[in-house]
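**Student:** Once you've had a glance at the structure underneath, I'll fire off some questions.
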Amino acid sequence: MNNQFQLTALLHKVDVLRYTPAGVPVLDVVLQHESVQEENGLQHQVKFELPAKIIGEQAKAWQHKIGTMVEVSGFLAQRSQRIFRPVLRIQNIQEYKG
């Protein structure tokens, strides 16, 4: 099954870097997206915020880059074992050069 997600967004909120019990860095962020999309021949203004998570060495690199426009890719997963709302698990992140 396919579960790949790509988005250009603003790194709107960045939590404090934390570590798993195994010592893996984790950074919870909120991405803010705004664009105009075409659907059925009509233009739609799209605005939303999406919770996301960066795991591993990339988490350290992005902990102080709030306000940066980024291109991200990854997959959607449930937030936790008990919370089934989706969160984007970022596998690749880079600054958007527009």
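**Student:** What pairs come up if the first residue lies in the stretch 16-30 and is under 13 Å from ILE54 (Cβ atoms) and surrounded by fewer than 15 Cβ atoms within 10 Å (Cβ to Cβ), the second is at pLDDT 95 or above and of a type in the set (Phe, Trp, Tyr), and their beta carbons are under 8 Å apart, counting only those six or more places apart or on different chains?
**Tutor:** Note: pairs meeting the criteria are VAL26/TYR19.
**Student:** If we scan the stretch 56-65, do we find a residue that is of a type in the set (A, V, I, L, M) and within 14 Å of LEU31 (Cα to Cα)?
**Tutor:** no
**Student:** Quick check on the stretch 35-50. Is at least one of its residues at pLDDT 95 or above, of a type in the set (Lys, Arg) and assigned to a strand (DSSP E or B)?
**Tutor:** Within the stretch 35-50 (the criterion being at pLDDT 95 or above, of a type in the set (Lys, Arg) and assigned to a strand (DSSP E or B)), the answer is yes, since at least one residue qualifies.
**Student:** Scanning for something part of a loop (DSSP other than H, G, I, E, B), open to solvent by 80 Å² or more (accessible area, probe 1.4 Å), of a type outside the set (Val, Ile, Thr) and touching a Ser or Thr at 6+ places or on another chain (Cβ under 7 Å), does the stretch 59-79 turn up at least one residue?
**Tutor:** Within the stretch 59-79, not a single residue is part of a loop (DSSP other than H, G, I, E, B), open to solvent by 80 Å² or more (accessible area, probe 1.4 Å), of a type outside the set (Val, Ile, Thr) and touching a Ser or Thr at 6+ places or on another chain (Cβ under 7 Å).
**Student:** OK, next. Which numbered condition in (1) at pLDDT below 95; (2) in a strand (DSSP E or B) is the only one that MET1 fails?
**Tutor:** (2)
**Student:** Same structure, new question: What's the number of the condition GLN43 fails, among (1) open to solvent by 70 Å² or more (accessible area, probe 1.4 Å); (2) of a type in the set (S, T, N, Q); (3) within 12 Å of the chain's Cα centre (by Cα)?
**Tutor:** In the conditions (1) open to solvent by 70 Å² or more (accessible area, probe 1.4 Å); (2) of a type in the set (S, T, N, Q); (3) within 12 Å of the chain's Cα centre (by Cα), GLN43 misses (3) alone.
The values are calculated or read from the model by the stated rules, or taken from the named source; none is laboratory data. Since we're looking at a predicted model, the values are computed, not measured. We place every Cβ from the backbone using ideal geometry, glycine too, and count neighbours over all the protein chains shown. Each accessible area value is taken on the protein alone, full model and side chains, heavy atoms only, with ligands, DNA and RNA left out. Shrake-Rupley method; radii C 1.70, N 1.55, O 1.52, S 1.80 Å.
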